[in-house]
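Worksheet: one structure, shown below.
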Amino acid sequence: NGIWVKNSGTSTGGGHRIAGNTIVGGFDGMGGEPEDQVYGSFYKDSVIESNTVTDCWDDGIQVEGGNINVAVRDNRIERCSLGIAFAPTLKGPLYIERNTILDGVTGFYGANAAFKIGDAVSSVGTVYLKGNVVRTSGDGVKQTNGGLPVIIADHNVLQVGRYVIETGDATPAGTKYDFDCAYSTD
């Protein structure tokens, strides 16, 4: 992993600013653990911006956990299996804004998607997807585990080769996809 954060409880962690890095290769470009706990990954009050992440086997940027006031913005992610993973977002709000995700590849677990969602059966937070540009042969938004967050998406460009949005569960009340440009060759 390029940058990996490991938190041990709610009294630690958060407050990260990760900016201006170039990460090439590895399993996850950046992320953290534990993934299914509120204090997991970047936890709270963190900003991940203006990074370039390429050629990862799994997640380009993984923000899985509480995601309390976490912003992922203005990053460029290329040739990763999953562009930005936020499965789960247990508390929120999580802001994913103005990122560019290009040329996804089938990775370690067989996935190929710009955004990985799911794995949030309870305490589901809200995710704001705003102004992102996706051009990939895989899926746009893909659910990988049970449970979905509320997603408020607008002004995204999702140009994909498979499903623009693929979920297995009903979308929760409050989910909105407005003013997005969506296209699939599938």
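Filtered by the rule that a residue be farther than 14 Å from G60 by Cβ, open to solvent by 40 Å² or more (accessible area, probe 1.4 Å) and in a loop (DSSP other than H, G, I, E, B), segment 1-33 gives S8, T10, S11, T12, G15, H16, G20.
Test D169 against the criterion of being of a type outside the set (S, T, N, Q), open to solvent by 10 Å² or more (accessible area, probe 1.4 Å) and at pLDDT 95 or above, and give yes or no. When the stated conditions are applied, D169 does not pass them. Within segment 14-39, being in contact with a Gly (Cβ under 9 Å, 6 or more places away or on another chain) and more than 15 Å from N1 (Cβ to Cβ) holds for G14, D36, Q37, V38, Y39. Among all positions in segment 53-72, there is no residue which is assigned to a strand (DSSP E or B), open to solvent by 30 Å² or more (accessible area, probe 1.4 Å), among the charged types (D, E, K, R) and touching a residue at least 12 places away in the same chain (Cβ under 8 Å). State all residues of segment 73-94 that are under 20 Å from T126 (Cβ atoms) and open to solvent by 10 Å² or more (accessible area, probe 1.4 Å); if no residue qualifies, say none. Listed by number, the residues that qualify are R73, L90, K91, G92, P93.
Among the conditions (1) out of contact with any Gly (no Cβ under 7 Å at 6 or more places or on another chain); (2) at positive phi; (3) surrounded by 18 or more Cβ atoms within 10 Å (Cβ to Cβ), G110 misses just one, which is (3). Only residues that are within 17 Å of N112 (Cβ to Cβ), out of contact with any Lys or Arg (no Cβ under 9 Å at 6 or more places or on another chain) and β-branched (V, I, T) were counted across segment 125-173, and they come to 2. Residue count for segment 34-50 under the criterion of being buried (at least 24 other Cβ atoms within 10 Å of the Cβ), in a loop (DSSP other than H, G, I, E, B) and either touching a Lys or Arg at 6+ places or on another chain (Cβ under 6 Å) or not small (G, A, S) (or both): the result is 2. When the residues of segment 95-107 are filtered to those that are in a strand (DSSP E or B) and free of Cβ contacts under 8 Å to residues at least 40 places away in the same chain, which remaining residue is most open to solvent (accessible area, probe 1.4 Å)? Of everything passing the filter in segment 95-107, Y95 is most open to solvent (accessible area, probe 1.4 Å).
Annotation note: of G174, G138, G118, the sole residue that is open to solvent by less than 70 Å² (accessible area, probe 1.4 Å), more than 14 Å from the chain's Cα centre (by Cα) and within 14 Å of T89 (Cβ to Cβ) is G174.
For segment 119-160, a residue qualifies if it is at pLDDT 95 or above and part of a loop (DSSP other than H, G, I, E, B), and the qualifying residues are G131, N132, S137, G138, H155, N156.
Kindly establish whether A87 is in contact with a Lys or Arg (Cβ under 9 Å, 6 or more places away or on another chain) and part of a loop (DSSP other than H, G, I, E, B).
On the way: in contact with a Lys or Arg (Cβ under 9 Å, 6 or more places away or on another chain): yes; part of a loop (DSSP other than H, G, I, E, B): yes.
So A87 passes the test.
The values are calculated or read from the model by the stated rules, or taken from the named source; none is laboratory data. Only a predicted model underlies this, so the values are computations on that prediction, with no experimental measurement involved. Note: ideal-geometry Cβ built from the backbone for every residue, glycine included; neighbour counts use all protein chains shown. Note: areas computed on protein heavy atoms with side chains; ligands, DNA, RNA excluded. Shrake-Rupley method; radii C 1.70, N 1.55, O 1.52, S 1.80 Å.
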